[in-house]
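Following: one structure in C-alpha cells, then a few remarks.
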Amino acid sequence: MAGAGGWGRRDAVVLGVIVLVAAVSLVWLVHPWFEASNDAAMYVVCAKNLLAGEGYTFLDEPFRVRPPGFSVLLAPVVALRGIDFSALNLYVAAWGVLCVGLFFVWARTRVSTWVGAALAALVWFNPGFASLRNQVMSDVPGTALVFGCLLLERWCARQPSMRRDVVLGLALGLSAYVRSIVLVLVVGIVVARLLVGRKEGASLGRVLLLRILPLVALVALVQAPWKVRDVYHHPLPPVDQTSLYDYSSGMWNSDRGDPRSPRVPIEDVFARVPRHARATLGVLGGRMQSNELGVVNLTLGVLFVLALVVQGVRRRGAAELFACGAILLVLPYFSFQDRLLLPVLMIAWTAAAELLEELGTRRLGARGPLVALVPVCALLAIDFHPRANWEEVRLAHETCERWAARANELLPRDERVAVPMEGWRWTIWLDRPVWTLFFGWNRGGGGPGIAPVLARHKIDLVLVTPFTASDAAMRPWLTTRYAVLHDEPDLALVRVRPRNGR
C-alpha cells in the first residue's frame, strides 16, 4: 500500500476511477427539481440579466450582496437551456466531480492512496455534499476552486518564483469572484509563508517583499474592478428586495439592509460566538447532516477541530490555516450557515485521517493505513444517503410548479407584481420580475412600510401565496385596503395601482 508522499501511476489510475465513477453516478445522483433558496434564485436571475445586457442586477437595481462570478459561470447554461433545472443541477454536479477529483489529488500527499480514495468517496456520497451538488449554489464550485488554489500553492512551494505566484494570484483573485471565502485562503497562504519563511531562516523583510506582497497585490488588483463598481454603482439604501445591503451591513449594522443604520454593539457581535461555536461543532461532528450537539456530534466535532489545530501547528500549511480561519470567521458571523463549513469539513477529515495513519504506521508498519481506512469507511457506510432529501425537494418543486401555473393564468404579462415574501422564488417560478414586500413591512412596522415599496417599484398587483407566515399576516391588510381581483383559499390577487396609474 502506497504511503503518503509522492504521486505514482497507481494514484493516477485511482484518480481516473474516482472521476469516472463520480461522473457516471450523476445519472443516478442528479435530480431535475429546483431546491429553492434566495441565493440560488438570485444567482439565476442575475445570470439572466447579464445575458439580457442589464448588467449584474436584481429587480432593476445593482446587485452587490454576492460577487458576480457564479452568475457568470451560470450564464452559458442559461443561454443554452434557459431556466432548465435539470441542466443547472447537472452543471453544478459536474463541478462536484471536479471538486472530488481535486480533493483526492490534494489529500493524496497527506495520506496513502486508498485512504485518499476512501476520503473522496466519503465526500462524494455525504448527504450534505450531495444536497449542495443538486442546488444552483456556489458552494460546490467554490470548494473545487479552493482545492485547485491549494494545489497551485503546493506547486508554487516546490519551486518558488514570481511567475508561479502570478498564476496563483490570478487564480485566487478570480476564484474570490465565485466564493468570497477564498479571501480567507489568501490569508492562510500569507500566514503559512510567513511561518515557513521564518522557520527556514529567511528575514521577515525578504519574505514580505518576495513571497507575500506581490501575491496580495495581484489578488487585490484582480478584485479591484468589483470593489470600484460597488462604490460607484450600487442600490440606494435601505434596500427593500434583499435582506442585506452587503456583507458589511449584515455584520455590523442594526438594519442589515441599510449601511447608514446604527452599528451593532460589539458585545452583541461577540454574543454570537458561543451559539455559532456549538453549531460549528454540531455541523462538523454531524458531517453536514445536523448541527444538533449530541454526545456523538460533540465528540467528533471536537476531534476534527483538534486534528485541524494539531496539523496546522505541525505543518504550518495553508489548508489547515485556511480551515481554522474559516471557523474563526463563522463564529461571529451574522448568519450561521452549515454550507460555509464544507471545505473546512473536507480538510478536517483529511487532517484526522493523516494523524490516524501516522499513528497506525508507527504501531503496525505497513498495515498502518488501516487505522485510518477503517473509520473513514465506517463513516462512509453510516452516512451513505446521497438522495436523502429528494422526496422533500420533489414535493416542494411540484407544489410550487402547480401553484405558479395557476397564478400565471391570472396575471397579465404587462403589469408589475409583488408578493408578501420570497419574491426571488416567484421570480423564477413565474418567469417574470416579482418584488417582495416583507422588508418594507418589517422596517415600517407593518402596513405603513409597504406603501413606499409599492410606489418605489411601481407595483400594479400583489399576489398572496399560501406558503409563508408573511403572506398570512399581510393578506387581511391587503384585501381590506385594495381592490380584490381574486380571493381563493390558497391565492389572493389585489390591485394596488390603477391601470391608468402608470
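The values are calculated or read from the model by the stated rules, or taken from the named source; none is laboratory data. Please read these numbers as outputs of a predicted model, since none were measured by experiment. Cβ sites come from the backbone with ideal geometry, for glycine too, and all protein chains shown count toward neighbours. Ligands, DNA and RNA are excluded from the accessible area calculation, which covers all protein heavy atoms including side chains. Shrake-Rupley method; radii C 1.70, N 1.55, O 1.52, S 1.80 Å.
One table, with the values for the structure above:
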read-out: PHE384-SER335 FRET efficiency (beta carbon distance; Förster radius 35 Å; 0.05 resolution); value: 0.70
read-out: FRET efficiency, LEU410 to ALA87 (Cβ-Cβ, R0 30 Å, nearest 0.05); value: 0.55
read-out: Quotient of Cα Rg and 2.2 N^0.38 Å for the stretch 9-125, N being how many residues it contains; value: 1.30
read-out: Dmax and Rg, reported as Rg then Dmax, of the stretch 225-311 (C-alpha, Å); value: 18.1, 51
read-out: The chain - percent relative contact order, Cα under 8 Å, separation 6 or more; value: 15 percent
read-out: Inter-probe distance in nm under a simple model that places probes 7 Å from Cα toward Cβ, at LEU359 and SER37; value: 3.4 nm
read-out: Amide H contacts of VAL434 (H built 1.01 Å from N, under 5 Å, at least 5 apart or other chain); value: THR427
read-out: Values of log10 I(q)/I(0), in the order q = 0.27, 0.31 Å⁻¹, for the stretch 384-426 under a Debye, Cα-only, solvent-free model; value: -1.04, -1.14
read-out: Rough spin-label spacing in nm, given labels placed 7 Å along Cα→Cβ, for LEU209 and VAL231; value: 2.9 nm
read-out: Anisotropy class of the stretch 343-502 from Cα gyration tensor, a/c 1.5 cut; value: prolate
read-out: Anisotropy class of the stretch 276-338 from Cα gyration tensor, a/c 1.5 cut; value: oblate
read-out: Mean accessible surface per residue for the stretch 160-288, computed with a 1.4 Å probe while every protein chain stays in place, in Å²; value: 49 Å²
read-out: Highest average packing first - 418-431, 285-298, Cβ atoms within 10 Å; value: 418-431, 285-298
read-out: C-alpha center-to-center spacing [the stretch 275-328, the stretch 190-241] in angstrom; value: 26 Å
read-out: Residues LYS458 and ALA12, FRET efficiency given R0 of 60 Å [Cβ-Cβ distance, rounded to 0.05]; value: 0.50
read-out: Added length on full extension, which subtracts the Cα-Cα distance from 0.36 nm per residue, VAL295 to LEU221; value: 22.0 nm
read-out: Nitroxide proxy distance, nm - points 7 Å out along Cα→Cβ at ALA469 and ARG164; value: 5.5 nm
read-out: Within the chain, percent of DSSP bridges classed antiparallel, to nearest 5; value: 70 percent
read-out: Ellipsoid semi-axes in whole angstrom, largest first, where each is sqrt(5λ) of the Cα gyration tensor of the stretch 106-185; value: 25, 20, 6
read-out: Helix-only mean residue ellipticity at 222 nm for the chain, each DSSP H run of n ≥ 4 adding -39500 (n - 2.57), per residue, nearest 500; value: -20500 deg cm²/dmol
read-out: Solvent-accessible area, 1.4 Å probe, carbon plus sulfur percent, for the chain; value: 64 percent
read-out: Under-5 Å amide H pairs with LEU485, H placed in peptide plane, nonlocal only; value: LEU493, VAL494, ARG495
read-out: Gyration tensor (alpha-carbon) shape descriptor, the stretch 51-195, a/c threshold 1.5; value: oblate
read-out: For the stretch 70-81, 3J(HN,Hα) per residue [Karplus equation, 6.51 cos²θ - 1.76 cosθ + 1.60, θ = phi - 60°, Hz, x = Gly/Pro]; value: 5, 5, 5, 5, 6, 3, x, 5, 5, 5, 7, 10
read-out: Isotropic mean projected area of the C-alpha convex hull, the chain (nm²); value: 25.7 nm²
read-out: Packing-based order for 141-151, 87-97, using average beta carbon neighbours within 10 Å, highest first; value: 141-151, 87-97
